[in-house]
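Engineer: I have a structure I would like to understand better, so I am pasting it below and will then ask my questions one at a time.
Taken together, the values in this text are just the output of simple stated rules run on the coordinates, not laboratory data. These numbers come from a predicted model, not from an experiment. Cβ coordinates were reconstructed from backbone atoms using ideal geometry, including for glycine residues, and neighbour counts include every protein chain displayed.
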Amino acid sequence: MTTYEKDGSSYPRVSHILDVVDWGIRKCPPYILKKLGRKGTSFHNNIHKKVIGEPTRVPVEAKDKVDEMMEYLKQYKILFTEQHVYWDDPVNPERKYAGTLDLLLEDKQGRIILADIKTGKIYKRGIVQASAYKEAAEQFLKVKIDSRLIIKPCKDYIGNTSIQEYGEGGMDSHEKCWRMFNNMLSLYQDMHR
């Protein structure tokens, strides 16, 4: 799916817009990318179902990672999971996009954090994607987001599972990523006229 539909309008998905620019990941054969995508989608679906209390069948090979992610999330109040967000440019109604943010969290200090779950390598694309989601979520949900966070389940060399965090200190600034996304959004729109 490359677009979301809302109120009779079509909104291109953030991930589809980012596909316009080759981030180097396409050096993998398409069948491998598809397989990795299915694993990531399955992981996201299992986390979402566990967060909202729905029964889920976690594959044996993912159980440790799902359990560790759920344990990690206990430190936060979960405000939203799998939330569709939409962004409309107030000046140019043609400039719009949509996406699905993984988690909107609140920490013990009351800060609102947009968390994006990754199951594979962290590319700059994921950091830009988090900035696009941040802008859309602030506009659509009418909430001020204090920071972006990318979280990834990992196994060490002896099989122990942990969660790696990539917070604001380890990422390009939101402003820089937002500019990059806007350039890609402009390119996408030019290509689809």
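Engineer: Return the calculated 222 nm mean residue ellipticity for the chain, to the nearest 500 deg cm²/dmol, obtained by summing -39500 (n - 2.57) across DSSP H runs with n ≥ 4 and dividing by the residue count.
Structural biologist: Working: 5 runs with 76 residues, N = 193.
Taking each H run of at least 4 residues, the total per residue is -13000 deg cm²/dmol.
Engineer: Using 24 Å as the Cα-Cα cut-off, could you pick out the over-long pairs in Lys144/Lys176; Lys77/Lys124; Lys124/Lys155; Lys74/Lys144; Lys121/Lys142? Provide the component values of the computation, followed by the final result.
Structural biologist: Details: Lys144/Lys176 18 Å; Lys77/Lys124 27 Å; Lys124/Lys155 22 Å; Lys74/Lys144 22 Å; Lys121/Lys142 31 Å.
Where the Cα-Cα span goes over 24 Å, the pairs concerned are Lys77/Lys124; Lys121/Lys142.
Engineer: Picking from Gln109, Val128, Ser162, whose Cα lies most toward the positive end of the charge dipole for the chain (charges on Cβ: Lys, Arg +1; Asp, Glu -1)?
Structural biologist: Value: Ser162.
Engineer: Further question: Just to be sure I understand: with springs between alpha-carbon atoms less than 10 Å apart, which residue in Gly110, Gly40, Gly167 has the highest mean-square fluctuation in the Gaussian network model of the chain?
Structural biologist: Among Gly110, Gly40, Gly167, the largest GNM mean-square fluctuation belongs to Gly110.
Engineer: OK, next. Can you tally the net charge around Tyr86? Count Lys and Arg as +1, Asp and Glu as -1, for every other residue whose Cβ sits under 13 Å from the Cβ of Tyr86. The partial results should precede the final answer.
Structural biologist: Working: positive: Lys6, Arg13, Arg95, Lys96, Lys142; negative: Glu5, Asp7, Asp88, Asp89, Glu135, Glu138.
Overall, the nearby charge balance is -1.
Engineer: Using amide H atoms built 1.01 Å from N in the peptide plane, name the residues 5+ places from Tyr86, or on other chains, whose amide H lies under 5 Å from its own.
Structural biologist: Phe140
Engineer: May I pose another question? Near the amide H of Leu79, under 5 Å away, which other amide H atoms are found, from residues 5 or more places off or on another chain, if H is placed in the peptide plane?
Structural biologist: Distant-sequence amide H within range of Leu79: Leu104, Leu105, Glu106.
Engineer: Note down the magnitude of the dipole of the range 9-191 about its Cα centre, charges +1 on Lys and Arg C-beta and -1 on Asp and Glu C-beta and zero elsewhere, to the nearest 20 debye. Mind showing how you got there, number by number?
Structural biologist: Values: 30 positive and 25 negative charges, 108 e Å.
That gives the range 9-191 a dipole magnitude of about 520 debye.
Engineer: A further question on this structure: Of the candidates Tyr157, Tyr72, Tyr166, which one comes out as most mobile in a Gaussian network treatment of the chain with C-alpha springs shorter than 10 Å?
Structural biologist: Judging by the Gaussian network model, the answer is Tyr157.
Engineer: For a distance above 24 Å, tell me the whole-number percent of Cα pairs in the chain that qualify.
Structural biologist: 41 percent
Engineer: Which number comes out as Rg/Rh for the range 126-193 once both Rg and the Kirkwood Rh are worked out on C-alpha atoms? Please list the in-between numbers first.
Structural biologist: Numbers: Rg = 15.5 Å, Rh = 13.9 Å.
Using only Cα positions, Rg/Rh for the range 126-193 is 1.12.
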